[in-house]
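What follows is one structure encoded as structure tokens, with my remarks underneath.
The values are calculated or read from the model by the stated rules, or taken from the named source; none is laboratory data. For clarity, every value in this text was computed on a predicted model and none was experimentally measured. Note that we place each Cβ from the backbone using ideal geometry, even for glycine, and neighbour counts take in every protein chain shown. To get the accessible areas, we keep the full protein, side chains included, count just its heavy atoms, and leave off ligands, DNA and RNA. Shrake-Rupley method; radii C 1.70, N 1.55, O 1.52, S 1.80 Å.
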Amino acid sequence: MSVPNETYAARIQRKLMKKQYIVNVASGRQKADLVLKNATYVNVFSNELCQGDIAVAKGQIVGMGSYDGEVEVDVSGKIVCPGFIDAHIHLESSLVSPKEFARAVLPHGTTTVITDPHEITNVMGTDGIDYMLQATEGLPIDVRFMLPSCVPATPLDESGANLDYRAIDSFYDHARVQGLAEMMNFVGVVGGDKEVIAKIVAAQAHHKKIDGHAPGIRDKDLAAYIAAGVYSDHECSDMEDAMAKLRNGQFIMVRDGTAAKNLEALVDLLKQPYYDRCMFCTDDKHPIDLLEKGHIDYIIKKAISYGVDPIVAVKVACHNPARYFALNNRGAIAPGYLADFAIIDNFENFNVEMVFKKGVLTCKNGEVQSFPTPQIDEYLEQRAHDTFHVAHLNAEDFHDERPRGVIGLVPGEIVSTDNGYASAVDVEKDILKIAVVERHKNTHHIGLGYIQGYGLKSGAVATSISHDSHNIIVVGTNEEDMAFAANRIVENCGGITVVEDGKVLGEVVLEIAGLMSDDSLVTVNNKLEIAKEQAFRLGVSRGIDPFMTLSFMSLPVIPTLRLTTRGVIDVIKQQYI
């Protein structure tokens, strides 16, 4: 930690004294600050369980063996793991503030996350990055950042900002910024688009990582994508795709979150000679999953149930992402590494009983220790709570008799199919009207289309979470309820709503940029589950998440058809139909 106005000589002297103390403790000449006594711990270097006391001084591990400490915690019969790392997540997907997110994942042993704030950045521009940096400062989990690469995702989308490499360049100097986040515009990369390539070149000039997002890309297109400088991918849904990317040198982030669950399909990666190139990530994690299943610990437990070596599963959850992101002082239990621990009962149950961050107990038996709320500039707070600029909408705004493309839902997937054209709602055939309303700059742009496979029989469902530009997306059986639902979203400054005959049946207010709530995770989850149940009551198929499914229907980088504020597009051709 730096000291304001400290001279170079003073800084060296301060660090010298700290280092001397660490050496004295490691050598046994002084007592440690903390000792985990009688520990059985995961050694990620030798791939075995080792035994001994674990000594901690000044927040870092100084030795294993036999030590005395000012504070001693007996962990006999437990297994000490390095703190877990989520290699790729959008904190906004939790629907709560970063502070609430930290409170939710700490009991699950997560001590570091790599977040891509492109959701809020698509709404607020660089103010969104500043907001998230401030909102995560000093939390009891370490939040590292990858800078959004696609704001908007493609030129066919309309977001709250349009950022080139110059707009984000200064953020690379921030101590918690690791690189450039998922390069979703793989079409632009492969095509050699000047603006897209410039972002990669700028990140490399700062010696930073560049993450990927290229589902199904193959052959020379894949070679071009990787040759441009994209180091990883988290969009692999089968072994063929994953192996093609791994063989070409990419690291594979095995994703298992709320929207996409790829672990089962990719479990064969978690063995030699492949697992050293793999990491775990969640990408998106909704409240119900955080509360009922867990976080990275859930993926580890699931991997073990599929027959993965428990030590390998733990290593993929901590050491591998730490190495990939050059976080060289975490992800292992060894001298010189941060004292970040997740202490579990056993590999069979994998219940996290205690969590330490830099040698400080932050959670015990699910109870999180209190921590201060990060301070956010007043301007950024006001800006984040005032992001809707939409004129009042009427049923006529959603009326159009011309044939429009029909987006076909694929059960359990976020990809879609091209189901032809329609010119009217047909509930019997499950053809519903869908609209995306521009909400950032009051352009009154409204893209119209149809969707099949959603199941709604009456009313309308709307949300301001619509990846990645986060305009208002609404689906309905009639134009009156669609207008009412969209207006309700604007009145609430963001959120999710389910309506019928001009009445609200269930809703969640997401007043932070239309993406997150100031409420607790439990409160948000309760409201979300009530809203889901109302959507199901109106006919939405119980085989899908009513809101998350909708949120991906406007993402113009996931095949096949999507809807933006200007109409239905063919993602592969990147053109309107």
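Taking residue 80 as the residue in question, decide whether it is of a type in the set (A, V, I, L, M) and in contact with a helix residue (DSSP H, G or I) (Cβ under 8 Å, 6 or more places away or on another chain). Against the criterion (of a type in the set (A, V, I, L, M) and in contact with a helix residue (DSSP H, G or I) (Cβ under 8 Å, 6 or more places away or on another chain)), residue 80 does not qualify. Check segment 436-445 and report whether any residue there is without any contact (Cβ under 8 Å) to a residue 24 or more places away in the chain and over 27 Å from the mean Cα position of the chain (by Cα). There is no residue in segment 436-445 that is without any contact (Cβ under 8 Å) to a residue 24 or more places away in the chain and over 27 Å from the mean Cα position of the chain (by Cα).
The single condition among (1) touching a Leu at 6+ places or on another chain (Cβ under 8 Å); (2) buried (at least 17 other Cβ atoms within 10 Å of the Cβ) that residue 267 does not satisfy is (1).
The residues in segment 530-547 that are more than 13 Å from residue 508 (Cα to Cα), of a type outside the set (D, E, K, R) and within 18 Å of the chain's Cα centre (by Cα) can be counted, and the count is 0.
Look at segment 173-191 and say how many of its residues are at pLDDT 95 or above, open to solvent by 10 Å² or more (accessible area, probe 1.4 Å) and either in contact with a Cys (Cβ under 8 Å, 6 or more places away or on another chain) or not in a loop (DSSP other than H, G, I, E, B) (or both). Of the residues in that region, 3 qualify.
Conditions (1) at pLDDT below 95; (2) over 26 Å from residue 207 (Cα atoms); (3) not β-branched (Val, Ile, Thr), marked per residue:
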residue	(1), (2), (3)
276	no, no, yes
299	no, yes, no
302	no, yes, yes
311	no, yes, no
319	no, no, yes
322	no, no, yes
330	no, no, yes
347	no, yes, yes
358	no, yes, yes
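Scanning segment 1-59 for residues that are open to solvent by 90 Å² or more (accessible area, probe 1.4 Å), within 27 Å of residue 346 (Cα to Cα) and aromatic (Phe, Trp, Tyr) returns a single hit, 45. Within segment 348-376, residues that are open to solvent by 50 Å² or more (accessible area, probe 1.4 Å) reach partners that are among the small types (Gly, Ala, Ser) with beta carbons closer than 6 Å, at six or more positions or on different chains, in the pairs 358/59; 358/339. Residues in segment 222-260 that are modelled with pLDDT of 95 or more, polar (S, T, N, Q) and surrounded by fewer than 19 Cβ atoms within 10 Å (Cβ to Cβ): 248 alone. In segment 295-310, the qualifying residues are those that are open to solvent by 60 Å² or more (accessible area, probe 1.4 Å) and not in a loop (DSSP other than H, G, I, E, B), and the one that is nearest to residue 105 (Cα to Cα) is 301.
Screening residue 468 on (1) in a loop (DSSP other than H, G, I, E, B); (2) touching a helix residue (DSSP H, G or I) at 6+ places or on another chain (Cβ under 7 Å); (3) open to solvent by 50 Å² or more (accessible area, probe 1.4 Å) shows it passes everything except condition (3). Residue under question is residue 451, and the condition is that it be outside any helix (DSSP H, G or I), among the aliphatic types (A, V, I, L, M) and open to solvent by less than 20 Å² (accessible area, probe 1.4 Å); does it hold? In short, yes. Within segment 19-47, residues that are under 20 Å from residue 360 (Cβ atoms) reach partners that are of a type in the set (Gly, Ala, Ser) and open to solvent by 50 Å² or more (accessible area, probe 1.4 Å) with beta carbons closer than 8 Å, at six or more positions or on different chains, in the pairs 37/76. Across segment 113-165, what is the number of residues that are of a type in the set (Asp, Glu), out of contact with any helix residue (DSSP H, G or I) (no Cβ under 7 Å at 6 or more places or on another chain) and outside any loop (DSSP other than H, G, I, E, B)? Summing the residues that are of a type in the set (Asp, Glu), out of contact with any helix residue (DSSP H, G or I) (no Cβ under 7 Å at 6 or more places or on another chain) and outside any loop (DSSP other than H, G, I, E, B) in segment 113-165 gives 1. For segment 482-516, the set of residues classified as part of a loop (DSSP other than H, G, I, E, B) and surrounded by 24 or more Cβ atoms within 10 Å (Cβ to Cβ) consists of 494, 510, 513, 514, 515, listed by residue number.
Restricting the search to segment 65-105, which residues are within 14 Å of residue 344 (Cβ to Cβ), outside any strand (DSSP E or B) and open to solvent by less than 10 Å² (accessible area, probe 1.4 Å)? Matches in segment 65-105: 75, 83. Among what's in segment 541-573 and is among the hydroxyl-bearing types (Ser, Thr, Tyr), over 15 Å from residue 418 (Cα atoms) and in a loop (DSSP other than H, G, I, E, B), pick the residue that is least open to solvent (accessible area, probe 1.4 Å). Among them, the one singled out is 565. The set of residues in segment 378-390 that are of a type in the set (A, V, I, L, M, F, W, C) and either in a helix (DSSP H, G or I) or open to solvent by 40 Å² or more (accessible area, probe 1.4 Å) (or both) comprises 380, 384.
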